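What follows is a set of notes on a single structure, which appears directly below.
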Amino acid sequence: MNYWLIKSEPNTYSWDDLVAKGTDHWDGVRNYAARNNMKAMKVGDLAFFYHSVKEKAIVGIAECVKEYYPDPTTDDDRWVVVDFSPKQKLEKPVTLEDIKADDRLQDMDFLRLSRLSVQSVKKEEFDIILEKSQS
DNA sequence: GCCAACGTTGGC
DNA sequence: GCCAACGTTGGC
């Protein structure tokens with residue numbers, strides 16, 4: 001079981017959009033590092049859903065329900081998508097500020113590689129953030 | 001709205 | 001295959 005973080009601008013695609021759809025593919029990734037992460041995802045893996053730009057907060061947890069397959073939105077066979085379903089909404093969003101303020105989370109890819117749209121999260125980091133969402 | 005970071009493109 | 005130019009993302 002692995003943990004991930006996926007980012008989206010809520011204006012383009014929000015947590016509520018995923019909830020409304022039930023299950024949806026995560027398309028539009030055009031970055032090799034992000035794609036490689038998607039290829040590594042397994043069914044049952046969990047991903048934080050982060051709203052960038054305006055909210056700058058993790059708002060929910062999505063579960064990978066289908067492993068990677070070719071991106072239906074392009075003919076270019078380099079790109080793939082995975083399917084997600086909403087798993088649970090966080091009681092309280094965990095903001096970028098919250099993450100920056102926690103000494104234990106300073107090494108996250110999230111802080112170092114702010115532009116990577118699909119990134120991996122360590123189990124310890126996942127647990128810490130989950131804990132923050134409940135306090 | 002600005003600008004830094006960084007990934008991608010394209011000329012050589 | 002290198003590297004400069006360019007475009008995009010996303011925090012501030």
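The values are calculated or read from the model by the stated rules, or taken from the named source; none is laboratory data. Owing to the predicted nature of the structure, the values given are computational and were not obtained by experimental measurement. Please note: Cβ atoms are built from the backbone with ideal geometry, for glycine as well, and neighbour counts cover all protein chains shown. Note: accessible area is taken over every heavy atom of the protein model, side chains too, but ligands, DNA and RNA are not part of it. Shrake-Rupley method; radii C 1.70, N 1.55, O 1.52, S 1.80 Å.
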Say whether the condition of being within 16 Å of DNA strand B (Cβ to nearest atom), of a type outside the set (Asp, Glu) and open to solvent by less than 80 Å² (accessible area, probe 1.4 Å) is met by at least one residue in segment A:87-99. yes
Which residues, taken from segment A:1-42, are in a loop (DSSP other than H, G, I, E, B), under 23 Å from A:Ile99 (Cα atoms) and among the hydroxyl-bearing types (Ser, Thr, Tyr)? A:Tyr13, A:Ser14
A:Asp127 meets each of (1) open to solvent by 30 Å² or more (accessible area, probe 1.4 Å); (2) closer than 26 Å to A:Val43 by Cβ; (3) touching a residue at least 12 places away in the same chain (Cβ under 8 Å) with one exception, condition (3)
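Could you tell me whether A:Glu63 is acidic (Asp, Glu), more than 16 Å from DNA strand B (Cβ to nearest atom) and touching a strand residue (DSSP E or B) at 6+ places or on another chain (Cβ under 8 Å)? Don't jump to the end; show me each part of the working.
Values: acidic (Asp, Glu): yes; more than 16 Å from DNA strand B (Cβ to nearest atom): yes; touching a strand residue (DSSP E or B) at 6+ places or on another chain (Cβ under 8 Å): yes.
For A:Glu63, the condition - acidic (Asp, Glu), more than 16 Å from DNA strand B (Cβ to nearest atom) and touching a strand residue (DSSP E or B) at 6+ places or on another chain (Cβ under 8 Å) - is met.
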Just checking, does segment A:53-66 include any residue being open to solvent by 20 Å² or more (accessible area, probe 1.4 Å) and over 30 Å from A:Ser135 (Cβ atoms)? yes
If you go through segment A:7-25 one residue at a time, how many are free of Cβ contacts under 8 Å to residues at least 12 places away in the same chain, within 13 Å of A:Ser85 (Cβ to Cβ) and open to solvent by less than 70 Å² (accessible area, probe 1.4 Å)? 1
Residue check, A:Phe84 at pLDDT 95 or above, within 28 Å of A:Ala20 (Cβ to Cβ) and in contact with a Cys (Cβ under 7 Å, 6 or more places away or on another chain): yes
Out of all the residues in segment A:26-48, which are open to solvent by 60 Å² or more (accessible area, probe 1.4 Å) and away from DNA strand B (no atom under 16 Å from the Cβ)? A:Lys42, A:Val43
